[in-house]
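The values are calculated or read from the model by the stated rules, or taken from the named source; none is laboratory data. Bear in mind that the values here come from a model prediction, so they are computed numbers and not experimental data. Glycine gets a Cβ as well: all are built from the backbone with ideal geometry, and neighbour counts include every protein chain shown. SASA here: full protein model, heavy atoms, side chains in, ligands and nucleic acids out. Shrake-Rupley method; radii C 1.70, N 1.55, O 1.52, S 1.80 Å.
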Amino acid sequence: MHIWKLPGALAMVQLDLSMTLVQAGLLGGVIQAASIAGGLPVALAGEALGLRRMLLLGLALLSTGSVTGALAPGAVLLLASRALEGIGFLLAVVGAPALIRRVAPPRQLNLALTGWATFHGAASLIGLAAGAFFLQVASWRLWWLAMVALTLVPVPFILAR
């Protein structure tokens, strides 16, 4: 949902931070730069670092980037925070299928991987729809902080398993 929190808030962000159209466009794409540049290296690092640690680090970076973005006084720091979120996103999602294979019971493996395959579509739907409702009553900065809270929800479960 970190990727999809921006579209509904972009006009508010652009106005609040006096961003140019180019900066606003970069804000939409910078989170994807990590995926373009780092998919394979992150996959290899996940085996060395450990998949669970990589997932937790990814969630921490997503949260840190979102908090930083919520507090950003200008476009440059917001762009940097989105890049950090992109790295966190990459760390969180690249190793997830391998981690699912390790923890899912054999009889439920196909169901678990199918569930994982729907995460991006579900996140985009929820992020866009929830963002539209949320932003009618709150600021984009609070939306960024809400994403932090949501991102941290699974951490105790990951640590416990």
Quiz item: Got a sec? Which of S66, S35 is closer than 15 Å to K5 by Cα and either assigned to a helix (DSSP H, G or I) or modelled with pLDDT under 90 (or both)?
Solution: S66
Practice problem: Quick one: which residue in L142, L152 is at pLDDT 95 or above, touching a Phe, Trp or Tyr at 6+ places or on another chain (Cβ under 8 Å) and surrounded by 12 or more Cβ atoms within 10 Å (Cβ to Cβ)? | Solution: L142
Exercise. Count, please, the residues in the stretch 64-90 that happen to be open to solvent by 10 Å² or more (accessible area, probe 1.4 Å) and closer than 16 Å to V148 by Cα.
Key: 8
Quiz prompt | Residues that are farther than 27 Å from Q136 by Cα, open to solvent by 40 Å² or more (accessible area, probe 1.4 Å) and touching a residue at least 60 places away in the same chain (Cβ under 8 Å), drawn from the stretch 9-55 | solution = R52
Quiz prompt | Pairs, first in contact (Cβ under 8 Å) with a residue 24 or more places away in the chain in the stretch 121-144, second loosely packed, with under 12 Cβ neighbours inside 10 Å, C-beta under 6 Å, six or more apart | solution = none
